[in-house]
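J.: Structure in structure tokens, see below.
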Amino acid sequence: MAGFDHTSVLAAEVLEHLAPRDHGVYVDGTLGGAGHAAALLAAVPTTSLIGIDRDPAALEAAREKLAPFGDRVRLVHGEYADMPQLLADLGTPKVDGILLDLGVSSPQLDHAERGFSFAKAGPLDMRMDPTRGKTALELMTELDQEELADVIRDLGEERYAKKIARLIKEAIAADRLHTTTELAAVVAQAIPIVEQRKSKIHPATRTFQGLRIAVNAELVQLERLLFAYPDLLLPGGRCAIISFHSLEDRLVKNRFRDLAWTTSLPRYLAEQAGERVEPVCELVTRKAVFASDEEIARNPRARSARLRVSERTDAPNVAAINGGPSPVSRSR
Ligand SMILES: C[S@@+](CC[C@H](N)C(=O)[O-])C[C@H]1O[C@@H](n2cnc3c(N)ncnc32)[C@H](O)[C@@H]1O
């Protein structure tokens, strides 16, 4: 598809840490413009790739870009949280590596009709998959004022959330809220001018981020994949996740660390208690990997990107065997 222009972040670092193996099968759960996917396929000519995206426009662009790799590529329209089922349906329940590059792609932001941008007027949509789910306007209409403030505060990390939610609800009641630029103007009214002058970002940035994360249930998607991924990887297989938001990065960091944890109980007691005696996964990156200054200068979006990588051991996954709770939900 013409006009799908997205610069992949941390491209060299992803390849280095995912370390694709000869004849390996890799899943890109957030295929987007297929920049990372194409780099992986080109780097190791015996690999094959399963690409998943919930956005049909992204898949169409990726199909074109990956055409030169022929039958080494299989593409699926879906959500990466459904990866266990999607991989089972393809007859490839376990793979050598999984990549997630979270968030939105540049074309999603740039095409006003998708409703992600406060800079250009578009419908209040924000769905990555326009074929299903509620639009941003439907969500803002359905939530009560307090719930809306929670979304804007918790997912947008916006301190003026309460006032913003009140003004949004008033604008909806008066039938004055239809476009992204109208929403941006309502949000701006709630933020003191002195704050706006001090800030380097548009006053609506955080509110749009919070709404986008809620509309697309982005944290739920990530939690589900983090719970499932150890059972999708072959021993030595790796899961690499790039996040752009501190809430996402915290989920990734905690889950990767938890799977690398082992009990200090003696083995026989640990086994009786259903505790882990061997790590299910090991940390490939002890600390998050950030983009270089040079990459940030070229692509400012890379500034907030953080990459973390985890490697499957050959130990059994105790929680899965016992049907125990996921460490993610346990920590809540
Ligand atoms: C940042 S872009 C990926 C860019 C890609 N890595 C590249 O190099 O071109 C994120 C993509 O992930 C998709 N996406 C986000 N959340 C998803 C989910 N839960 N399931 C499937 N696709 C998702 C978006 O539609 C978008 O196309």
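J.: Tally Lys/Arg at +1 and Asp/Glu at -1 over every other residue whose Cβ is under 12 Å from the Cβ of Ala204; what's the total?
T.: Numbers: positive: Arg206, Arg212; negative: Glu158, Glu182.
Computed value for this residue: 0.
J.: Hey, another quick one. Between 0 and 90 degrees, rounded to the nearest ten: what's the tilt of helix 246-260 against the longest Cα principal axis of the chain?
T.: That helix lies at roughly 10 degrees to the long axis.
J.: Evaluate the chain: find the radius of gyration of its Cα atoms, find its Kirkwood radius, and give the ratio Rg to Rh.
T.: Result: Rg/Rh = 0.99.
J.: Evaluate the distance, in nm, between pseudo-label points positioned 7 Å from the Cα of Glu142 and of Ser304 along their respective Cα→Cβ axes.
T.: The two pseudo-label positions are separated by 2.5 nm.
J.: For a footprinting-style exposure proxy, rank Ser243, Ser8, Ser304 by other Cβ within 10 Å, fewest first.
T.: In increasing order of surrounding Cβ atoms, one gets Ser304, Ser8, Ser243.
J.: Evaluate the distance, in nm, between pseudo-label points positioned 7 Å from the Cα of Lys134 and of Asp5 along their respective Cα→Cβ axes.
T.: Computed distance between label sites Lys134 and Asp5 equals 3.6 nm.
J.: To continue, here is another question. Can you give the extra length, in nm with one decimal, that the chain gains between Ala288 and Glu275 once fully stretched, where that is 0.36 nm per residue apart less the Cα-Cα distance?
T.: Contour length minus the Cα-Cα distance gives 1.9 nm.
J.: Considering only DSSP beta bridges where both residues belong to the chain, give the percentage that are antiparallel (nearest 5). Don't skip to the answer; put the middle values down first.
T.: Working: 12 of 30 bridges.
DSSP beta bridges in the chain are roughly 40 percent antiparallel.
J.: Moving on to the next point. Work out from phi, with θ = phi - 60° and the Karplus expression 6.51 cos²θ - 1.76 cosθ + 1.60, the ³J(HN,Hα) of each residue of segment 267-280, listed in order in whole Hz, and give x for Gly and Pro.
T.: Working through the residues one at a time gives 3, 5, 5, 4, 5, 4, 7, x, 8, 7, 9, 10, x, 6 Hz.
J.: Give me the angle, in degrees from 0 to 90, between the Cα long axis of helix 180-190 and the longest principal axis of the Cα atoms of the chain, rounded to the nearest 10.
T.: For 180-190 against the chain, the angle is about 80 degrees.
J.: Something else now. I want to verify a result. In a Gaussian network model of the chain, Cα cutoff 10 Å, which of these has the top mean-square fluctuation: Ser117, Ser292, Ser199?
T.: Ser199
J.: Suppose R0 equals 35 Å; then what is the FRET efficiency for Ala173 and His77 from their Cβ-Cβ distance, rounded to the nearest 0.05? Don't jump to the answer; show the numbers that get you there.
T.: Numbers: r = 37 Å, r/R0 = 1.05.
The formula returns an efficiency of 0.45 here.
J.: Residue by residue through segment 7-15, which ³J(HN,Hα) values in whole Hz follow from phi under the Karplus form 6.51 cos²θ - 1.76 cosθ + 1.60 (θ = phi - 60°), with glycine and proline marked x?
T.: Taking θ as phi minus 60°, the curve returns 8, 5, 9, 6, 4, 5, 5, 4, 4 Hz for segment 7-15.
J.: Something else about it: Helix-derived [θ] at 222 nm for the chain: sum -39500 (n - 2.57) over DSSP H runs of at least 4, divide by residue count, nearest 500?
T.: One gets -11500 deg cm²/dmol as the mean residue ellipticity at 222 nm.
J.: With θ taken as phi - 60° and the coefficients 6.51, -1.76 and 1.60, list the Karplus ³J(HN,Hα) couplings across segment 64-70 in order, rounded to whole Hz; mark glycine and proline as x.
T.: Per residue, the Karplus-derived 3J(HN,Hα) values read 5, 5, 8, 3, x, 8, x Hz.
J.: Indicate the gyration tensor shape class of segment 166-219 (rounded, prolate or oblate), computed on the Cα atoms with a ≥ b ≥ c the square roots of the eigenvalues: a/c under 1.5 is rounded; otherwise a/b larger than b/c is prolate and the rest oblate. Show your work: numbers first, answer last.
T.: Numbers: a/c = 2.27, a/b = 1.11, b/c = 2.05.
Oblate, because a/c is 1.5 or more while a/b does not exceed b/c.
J.: Please list 210-220, 124-134 highest first by mean number of surrounding beta-carbon atoms within 10 Å per residue. Each step should come with its number before you reach the end.
T.: Values: 210-220: 20.7, 124-134: 17.6.
Ranked from most to least packed, the peptides come out as 210-220, 124-134.
A short reminder: the numbers here are calculations on the coordinates, not readings from a lab. Since this is a predicted model, take the numbers as computed values, not measurements. In this analysis, Cβ positions are derived from the backbone assuming ideal geometry, glycine residues included, and neighbour counts consider all displayed protein chains.
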